[in-house]
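Enquirer: Have a look at this one.
The values are calculated or read from the model by the stated rules, or taken from the named source; none is laboratory data. Quick caveat: nothing in here was measured; it's all calculated off a predicted structure. Heads up, the Cβs are rebuilt from the backbone with ideal geometry, glycines too, and the neighbour counts pull from every protein chain shown. Accessible surface areas use protein heavy atoms only, side chains included; no ligands, DNA or RNA. Shrake-Rupley method; radii C 1.70, N 1.55, O 1.52, S 1.80 Å.
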Amino acid sequence: MNKKLDFSIANRISRWHFGEALSNFLTINIVLLIFFSIAVISAGETHIEKLMAEESYSELSLSEPSGVKIPFIKESSLTRTVIYERDLSNWWNSTLAYRVWAPLGDGYAAYEYDFTETARLSLKFLIALAAIELLMLLAGIRKSLSVTRSALHPLAELTETTQNISRQKAQSGVSRTQLRDLAGKLDQIDADGLETRISVESPQKELSGLAEAINGMLDRINESYNSQVRFVSDASHELRTPIAVIQGYANLLDRWGKNDEKVLQESIDTIKSEAQNMKDLVEQLLFLARGDNDSLRLDIETLNISAIARDVIRETEMIAPSHAIACEIEEGAFIHGDAQLMKQALRILMDNSVKYTSEKDEVKIALHTEGEKVKIAVSDNGIGIVPEDLPYIFDRFFRSDDSRTRKTGGSGLGLSIAKWIVERHGGSVEVVSRKDIGTRITLSFDAVKSPIGFTDRSPS
């Protein structure tokens with residue numbers, strides 16, 4: 001048996017069942033011995049009564065011999081004993097006799113009942129019974145272990161399943177206090193008590209493994225819960241600003257703008273701009289929400305990513321004519337993906353580069369194949385990102401410089417969306433940036449061969 005399972009619930013239950021069965025067998029054997037003793041005494045008393053009537057004694061003694069007096073039996077005042085005459089050459093030939101000493105004249109006479117053959121037969125029966133009991137014990141241990149493990153299989157499955165999530169992520173031997181503590185801890189855990197953890201100090205492998213798995217799951221739930229709380233708080237903050245601006249201009253119109261065309265036009269333009277910002281923000285939030293709950297369906301097909309990159313370049317040139325757009329596009333590069341989402345990811349990267357690069361400065365997009373990978377790099381010589389902010393640029397609502405962001409616009413969700421799209425396509429993102437020098441973001445995807453008869457259906 002595996003030493004690692006010495007303290008497992010299954011083995012402890014099996015040992016308990018073994019102890020119970022052994023105790024029952026010992027009780028049965030003791031009862032049989034008592035019945036055998038009673039039978040021997042009863043047969044001996046009957047035989048000795050006949051011998052006494054015939055005065056057929058086997059031995060005389062002048063002094064009262066040692067022995068016991070059995071109460072609740074006929075002639076209970078007589079001394080009784082068991083004689084064992086051992087044969088040193090063969091113990092099986094030893095003799096057993098039940099002897100009663102009765103007064104006779106000035107001494108005592110011994111009357112005997114030889115039950116050697118009865119004892120030999122009984123011993124053979126007990127040996128056979130012990131062998132049967134041993135076989136039953138061994139079979140019972142095996143069956144008990146199998147049944148117990150089968151009964152505990154759901155518990156083992158629960159532990160294994162929880163541990164798999166983590167990688168992606170009472171019976172007699174168990175103290176009732178441990179089970180009650182485990183159940184109580186689980187009952188106490190709610191949204192306000194996600195910091196609660198279950199003690200794993202238990203000799204039972206099943207319980208300690210389950211507790212560790214649950215604690216790992218709680219860590220992830222707590223992290224996810226805190227992330228959602230921050231997300232809702234940040235979203236509320238982002239929506240609060242345009243709402244406040246719209247309310248401010250609405251009050252301005254109500255007080256002075258009705259008859260002032262300049263104030264009226266300024267208010268209309270600002271309200272339209274802020275409403276558009278709110279619309280864009282809500283769309284981004286809905287996109288991320290659908291992505292989080294896996295309700296966003298990807299239409300995967302073979303894409304000419306070179307053609308999609310050129311479409312994004314043309315759009316950027318129209319939207320930001322004051323910026324120089326340089327491109328190095330290798331023709332005929334193909335990947336598997338959703339055309340709309342891939343175009344959206346490239347738009348986000350190009351839009352970010354334009355926002356944080358001064359007018360007349362260059363924004364560059366390069367696409368080429370390296371071995372089995374298609375790499376797309378968007379680079380600029382704009383404001384750059386400080387090293388301490390680089391690990392967080394893909395966090396939702398994170399903005400490296402709030403003052404610059406207020407001037408350029410944006411909610412801090414674009415890069416989060418771009419990274420989500422890239423990862424859902426099995427790609428990776430690499431960022432290189434230096435403050436006031438520029439930034440380069442490189443996307444990497446698995447390359448595929450152009451299918452025969454390929455028709456470009458890239459979105460325009």
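Enquirer: Please name all residue pairs, on different chains or six or more residues apart, with Cβ atoms under 7 Å, provided the first residue is in region 433-456 and is farther than 16 Å from ILE300 by Cβ and acidic (Asp, Glu) and the second residue is open to solvent by less than 70 Å² (accessible area, probe 1.4 Å) and modelled with pLDDT under 90.
Expert: Filtered contacts from region 433-456: ASP436/ILE383; ASP436/GLY384.
Enquirer: Return the pairs, sorted by first residue and then second, in which the second residue is not in a loop (DSSP other than H, G, I, E, B), the first residue lies in region 66-78 and is more than 16 Å from ALA109 (Cα to Cα), the beta carbons are less than 9 Å apart, and the residues are 6+ apart or on different chains.
Expert: As it stands, the answer is ILE70/ILE41; ILE70/ARG80; ILE73/ILE41; ILE73/GLU45; ILE73/ARG80; LYS74/GLU45; LYS74/GLU49, since those pairs meet every condition given.
Enquirer: Let me ask another. Counting only residues that are open to solvent by 50 Å² or more (accessible area, probe 1.4 Å) and in contact with a Leu (Cβ under 8 Å, 6 or more places away or on another chain), how many does region 328-346 have?
Expert: Of the residues in region 328-346, the ones open to solvent by 50 Å² or more (accessible area, probe 1.4 Å) are 328, 330-331, 336, 340, 344.
Of the ones still in play, those that are also in contact with a Leu (Cβ under 8 Å, 6 or more places away or on another chain) are 328, 330, 336.
The total comes to 3.
Enquirer: Also, I was wondering about something else. Being at pLDDT 85 or above and under 17 Å from GLY384 (Cβ atoms) is the filter here; which residues of region 354-368 pass it?
Expert: Taking region 354-368 as the starting set, the residues that turn out to be at pLDDT 85 or above are 354-358, 362-368.
The answer is VAL354, LYS355, TYR356, THR357, SER358, GLU362, VAL363, LYS364.
Enquirer: Taking into account only those residues within region 56-86 that are more than 21 Å from ALA39 (Cα to Cα) and open to solvent by less than 50 Å² (accessible area, probe 1.4 Å), which is farthest from the chain's Cα centre (by Cα)?
Expert: Top of the filtered list is SER61.
Enquirer: For LYS258, are the conditions met, namely being of a type in the set (D, E, K, R) and modelled with pLDDT under 80? Before the answer, list the steps.
Expert: Numbers: of a type in the set (D, E, K, R): yes; modelled with pLDDT under 80: yes.
So LYS258 passes the test.
Enquirer: Considering only region 228-245, I want to know if a residue exists there that is open to solvent by 40 Å² or more (accessible area, probe 1.4 Å), at pLDDT below 70, assigned to a helix (DSSP H, G or I) and among the small types (Gly, Ala, Ser).
Expert: Yes: region 228-245 contains one or more residues that are open to solvent by 40 Å² or more (accessible area, probe 1.4 Å), at pLDDT below 70, assigned to a helix (DSSP H, G or I) and among the small types (Gly, Ala, Ser).
Enquirer: What number of residues within region 295-339 satisfy the criterion of being among the small types (Gly, Ala, Ser) and either part of a helix (DSSP H, G or I) or farther than 25 Å from ASN381 by Cα (or both)? Quick ask: steps written out before the conclusion?
Expert: Here is the first cut: in region 295-339, the ones among the small types (Gly, Ala, Ser) are 295, 306-307, 309, 320, 322, 324, 326, 332-333, 337, 339.
After this cut, where a residue has to be either part of a helix (DSSP H, G or I) or farther than 25 Å from ASN381 by Cα (or both) as well, the list is 295, 306-307, 309, 332-333, 337, 339.
Result for region 295-339: 8.
Enquirer: So, of the residues in region 106-135 that are within 17 Å of GLU59 (Cβ to Cβ) and in contact with a strand residue (DSSP E or B) (Cβ under 9 Å, 6 or more places away or on another chain), which turns out to be most open to solvent (accessible area, probe 1.4 Å)?
Expert: The first filter runs over region 106-135 and keeps only residues within 17 Å of GLU59 (Cβ to Cβ), leaving 106-114.
Subsequent filtering for residues that are in contact with a strand residue (DSSP E or B) (Cβ under 9 Å, 6 or more places away or on another chain) retains 107-114.
Details: GLY107: 10, TYR108: 58, ALA109: 0, ALA110: 0, TYR111: 12, GLU112: 57, TYR113: 47, ASP114: 100 Å².
Among those residues, the one meeting the criterion is ASP114.
Enquirer: When both residues are 6+ apart or on different chains and their Cβ atoms are under 9 Å apart, which pairs have a first residue that lies in region 342-364 and is on the phi > 0 side of the Ramachandran plot, and a second that is in a loop (DSSP other than H, G, I, E, B) and of a type in the set (Ser, Thr, Tyr)?
Expert: As it stands, the answer is LYS360/SER322, since those pairs meet every condition given.
Enquirer: Find all pairs meeting these conditions: Cβ atoms under 8 angstrom apart; at least six residues apart or on different chains; first residue within region 273-298 and under 16 Å from SER416 (Cβ atoms); second residue aromatic (Phe, Trp, Tyr) and surrounded by 14 or more Cβ atoms within 10 Å (Cβ to Cβ).
Expert: Close Cβ pairs satisfying both conditions: LEU288/TRP420; GLY291/TRP420; LEU296/PHE287.
Enquirer: Specify the residue that is surrounded by the most Cβ atoms within 10 Å (Cβ to Cβ); the eligible residues are those in region 87-105 that are of a type outside the set (D, E, K, R) and assigned to a loop (DSSP other than H, G, I, E, B). I'd like the intermediate steps shown before the answer.
Expert: Step one: of region 87-105, the residues of a type outside the set (D, E, K, R) are 88-98, 100-105.
Next, from what is left, pick out any that are assigned to a loop (DSSP other than H, G, I, E, B): 88-90, 94, 105.
On the way: LEU88: 7, SER89: 6, ASN90: 8, SER94: 14, GLY105: 8.
The qualifying residue surrounded by the most Cβ atoms within 10 Å (Cβ to Cβ) is SER94.
Enquirer: Quick one: in region 1-35, of everything that is surrounded by 17 or more Cβ atoms within 10 Å (Cβ to Cβ) and more than 15 Å from LEU138 (Cα to Cα), which residue is modelled with the highest pLDDT?
Expert: ARG12
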